[in-house]
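S.K.: Pasting in a structure now, in structure tokens, and then I'll have a few things to ask.
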Amino acid sequence: MNWETFADYGALSDRAASILLAAIGDDPHVVLGLPTGSTPVGMYDRVVAECAREYRCFRDVVTFNLDEYVGIPRDHAGSYAHFMQQHLFDHIDIRPENAHIPNGMAPDRGVECARYERAIGGAGGLGLTFLGLGSNGHIAFNEPGTPFDSRTHVVALSESTRRANAPFFLDQRVPTHAITMGIGTILESRAVVLLASGEKKREAIERLRSGEESVNFPASVLGRHPNVRVLVA
Ligand code: GLP
């Protein structure tokens, strides 16, 4: 793992955005894995600012989001689909059919998970995937204990994750489940960039840095991957 440490969140976001934009520069058809959460917001802001200048940035780019809540409509303010529209997709020239997010409203979730895996494969696999880090070491919604070879699947959200997301669901029950790319799915991405910022992530970062590998600390699996950058602020 290659570690890069930044003085503050702004500098981390600048670096993350420049990695993303360079990937598009190298391959305009790149397939990106994209995260939600508060950590990538600064990266998206910078990408949007840059792409407004350089029209057609995302014309041939394909994206796959890491996860989505089950049972929350796309246009609900708490959905990850809504988050992506608000922070990225509404402001860039990506073709809507190239911006993939698991469908949390699918009548058969198992079928939806299999479809999502096939779609990633059909696009040629993930080229560059950005990840946030849960304070318990989770990546996407792969909570501690998730097998390292897992594929896209449905997860029951932990109480702490549901509490953390409660402010987005004032008008309805906080979702109990989500669809997430599996750890095996993420590991097949040719390159991975993990973003971690703030005091709340300090312990998880130190645990990751220790090199200990454990299914009880999902991010530790990244030690097996040949092309991982960890950006820390
Ligand atoms: C959620 C998301 C993860 C994200 C994590 C951390 O659990 N499913 O993909 O990495 O939150 O979020 P934040 O960046 O807000 O700390």
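S.K.: Using the Cα centre as the reference, give the magnitude of the dipole from point charges on the C-beta atoms of the chain (Lys, Arg: +1; Asp, Glu: -1; all else neutral), rounded to the nearest 20 debye.
M.R.: So the magnitude is around 160 debye.
S.K.: Okay, moving on. Is the C-alpha gyration tensor of the range 120-201 telling us rounded, prolate or oblate? Criteria: a/c under 1.5 is rounded; beyond that, a/b larger than b/c is prolate, otherwise oblate.
M.R.: Cα axes put the range 120-201 in the prolate bin.
S.K.: Can you check how the C-alpha radius of gyration of the chain compares to 2.2 N^0.38 Å, as a plain ratio?
M.R.: The value comes to 0.94.
S.K.: Under 5 Å between amide H atoms, partner at least 5 residues away or on a different chain: which partners does LEU131 have, H built in plane at 1.01 Å?
M.R.: Residues meeting the criterion, in which the H sits 1.01 Å from N, are VAL193, LEU194, LEU195.
S.K.: So if R0 is 30 Å, what FRET efficiency would ASP26 and GLU206 give, r being the distance between their Cβ atoms, rounded to the nearest 0.05?
M.R.: Using R0 = 30 Å, I get an efficiency of 0.35.
S.K.: Could you identify which residue out of GLY134, GLY78, GLY122 has the top mean-square fluctuation in a GNM of the chain using Cα springs shorter than 10 Å?
M.R.: Ranking GLY134, GLY78, GLY122 by mean-square fluctuation puts GLY122 first.
S.K.: Which shape class, rounded, prolate or oblate, goes with the range 1-104 when its Cα gyration tensor gives a ≥ b ≥ c as root eigenvalues, a/c under 1.5 marks rounded, and past that a/b bigger than b/c marks prolate?
M.R.: Oblate shape, in that a/c is at least 1.5 and b/c is the bigger or equal ratio.
S.K.: If neighbour count is taken as other Cβ atoms inside 10 Å, put GLU68, GLU159, GLU143 in order from fewest to most.
M.R.: In increasing order of surrounding Cβ atoms, one gets GLU159, GLU143, GLU68.
S.K.: Something else: What number, rounded to the nearest 500 deg cm²/dmol, is the helix-based mean residue ellipticity at 222 nm of the chain, given -39500 (n - 2.57) per DSSP H run of at least four residues and division by all its residues?
M.R.: Taken over the chain, the calculation gives -9500 deg cm²/dmol.
S.K.: Same structure again: Just grab the label-to-label distance for SER158 and ASP75, each label 7 Å out from Cα along the Cβ direction, in nm (one decimal).
M.R.: 3.5
S.K.: Given the options ALA16, ALA219, ALA119, which has the most mean-square fluctuation in a GNM of the chain, springs set between C-alpha atoms less than 10 angstrom apart?
M.R.: ALA119
S.K.: Just to verify a number: FRET efficiency for ARG56 and ASP90, C-beta to C-beta distance, R0 = 22 Å, to 0.05?
M.R.: Computed FRET efficiency for ARG56 and ASP90 comes out at 0.85.
S.K.: Next question, about the same structure. Nothing charged except the Cβ atoms of Lys and Arg (+1) and of Asp and Glu (-1): what's the magnitude of the dipole of the range 1-50 about its Cα centre? Round to the nearest 20 debye.
M.R.: 100
S.K.: Let me ask something else about it. Which FRET efficiency, nearest 0.05, do ARG224 and ASP108 yield, Cβ-Cβ r, R0 30 Å?
M.R.: 0.40
S.K.: Right, something else. Pick from MET181, MET43, MET105 the residue whose mean-square fluctuation is largest in a GNM of the chain, springs joining Cα atoms under 10 Å.
M.R.: Looking only at MET181, MET43, MET105, the largest GNM fluctuation is found for MET105.
Since every read-out is calculated from the coordinates, none of them should be taken as a lab result. In this text, all values refer to a predicted model and were calculated from it rather than measured experimentally. When we count neighbours, we look across all protein chains shown, and the Cβ atoms used for this are built from the backbone with ideal geometry, even at glycine.
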